[in-house]
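Derivation of every value follows stated rules applied to the coordinates shown; laboratory data play no part. This one's a predicted model, so the numbers in the text were calculated from it and none came from an experiment. So basically every Cβ, Gly included, is an ideal-geometry build from the backbone, and we count neighbours across all protein chains shown.
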Amino acid sequence: MAILIYGLAGMAGALVLFAGDMLFYYQPGSSDFVANMAAASPDRIVLSGLSALLAAWLYTLGAGQVYLALAPAPAWLRWLVFGSFAAIMIAYGVIHAAYVAIAVAAQNAAALGLDPATQMALAWRTNQLMRSLTLLLFAVFTVSFTWAVLVGKTFYPRWILFFSPVILYFLKGPIVSRLEGAALVVIGGGYLNLLLLVFFAVSTVALLSRR
């Protein structure tokens, strides 16, 4: 039961933050991300920011599924994998919330007739630095999780690695580069949350099937 609850929490977190992405990015008939943010209503920006907090809670709860799946592992490995993954889940919420500053800068630029890139530069730089630090955690999680699965220190089948977040992350370029219009905004704009939706869904099925 805990496996299912944690898995559903992780999937719910992905859907909530995906909705937050769409509140930033989606405008009918336009695939210009900056222009779409500039056109978003204040209520949409506020709701998108709030989605980050709820999603961070749900994502972090969902990380408990990975902890349970690593029960056969030594304590140090179990906590390394779980700790890095939980930290990434928290970072998802923090980084999305910080993106509000980028959206507001885009709106101010449009309202005042200023260059969006210049107005967004500081908020964008901060956001990118947070992403860079999170990528270090992503590397720790990927290496430790992959090793644990390969040596049989988890309840996961080895094929779960084909759905590991790192594999799905590197598929983003080939997938998104082929999209345009609404598909580009929906899939490209929400890709990082969609990949976690896939991971939590497959993880849940794999663990429940084993039991």
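In debye, nearest 20, what is the charge dipole magnitude of segment 1-146 about its Cα centre with +1 on Lys and Arg Cβ and -1 on Asp and Glu Cβ, if you could check?
340 debye
If you take the charge dipole of the chain about its Cα centre, with +1 on Lys and Arg Cβ and -1 on Asp and Glu Cβ, which of Leu171, Thr154, Leu17 is farthest toward its positive end?
Of Leu171, Thr154, Leu17, it is Thr154.
Below 15 angstrom from the Cβ of Phe18, what's the summed charge of the other residues (Lys, Arg +1; Asp, Glu -1)?
Charge balance in the 15 Å sphere: +1.
Helix-only mean residue ellipticity at 222 nm, the chain, DSSP H runs n ≥ 4 weighted -39,500 (n - 2.57), per residue, nearest 500. What is it?
-27000 deg cm²/dmol
Between Arg125 and Val46, what is the label-to-label distance in nm when each label sits 7 Å out along the Cα-to-Cβ direction?
In this crude label model, Arg125 to Val46 measures out at 3.1 nm.
Running a GNM on the chain with Cα contacts under 10 Å, which residue among Gly113, Gly62, Gly49 ends up with the highest mean-square fluctuation?
Gly113
Can you give the net charge of the other residues whose Cβ lies under 15 Å from the Cβ of Tyr99, counting K and R as +1 and D and E as -1?
+2
Taking the number of other C-beta atoms within 10 Å as the exposure measure, put Met37, Met1 in order starting with the fewest.
With the fewest neighbours first, Met37, Met1 line up as Met1, Met37.
What are the equivalent ellipsoid semi-axes of the chain, built from the alpha-carbon gyration tensor (square roots of five times its eigenvalues), in whole angstrom, biggest first?
Values for the chain, descending: 34, 16, 15 Å.
What FRET efficiency comes out for the pair Leu54/Val151, r = Cβ-Cβ distance, R0 = 45 Å, nearest 0.05?
With a Förster radius of 45 Å, E is 0.80.
If you average the alpha carbon positions of segment 117-143 and of segment 159-180, how far apart do those two centres end up, in angstrom?
19 Å
How far, in nm, would the chain grow between Phe162 and Val198 when pulled straight, counting 0.36 nm per residue and subtracting the alpha carbon separation?
Extending this stretch completely gives an extra 11.8 nm.
Per residue of segment 118-125, in order, report the coupling 6.51 cos²θ - 1.76 cosθ + 1.60 (Karplus, θ = phi - 60°) as ³J(HN,Hα) in whole Hz, putting x for Gly and Pro.
5, 5, 8, 4, 5, 5, 5, 4
With r as the distance between the Cβ atoms of Leu208 and Ser177 and R0 = 35 Å, compute the FRET efficiency 1/(1 + (r/R0)^6) and round to 0.05.
Efficiency at R0 = 35 Å is approximately 0.50.
Rounded, prolate or oblate: which one fits segment 135-211, using the alpha carbon gyration tensor with axes a ≥ b ≥ c (rounded when a/c is under 1.5, else prolate when a/b beats b/c, else oblate)?
In terms of gyration-tensor shape, prolate.
Can you give the charge dipole size of segment 122-211 about its Cα centre, rounded to the nearest 20 debye, using +1 on the beta carbon of Lys and Arg and -1 on the beta carbon of Asp and Glu?
220 debye
Using alpha-carbon pairs under 8 Å, 6+ residues apart, how would you state the relative contact order of segment 2-210 in percent?
30 percent
Give the distance, in whole Å, between the Cα centre of segment 1-43 and the Cα centre of segment 73-97.
One Cα centre to the other: 21 Å.
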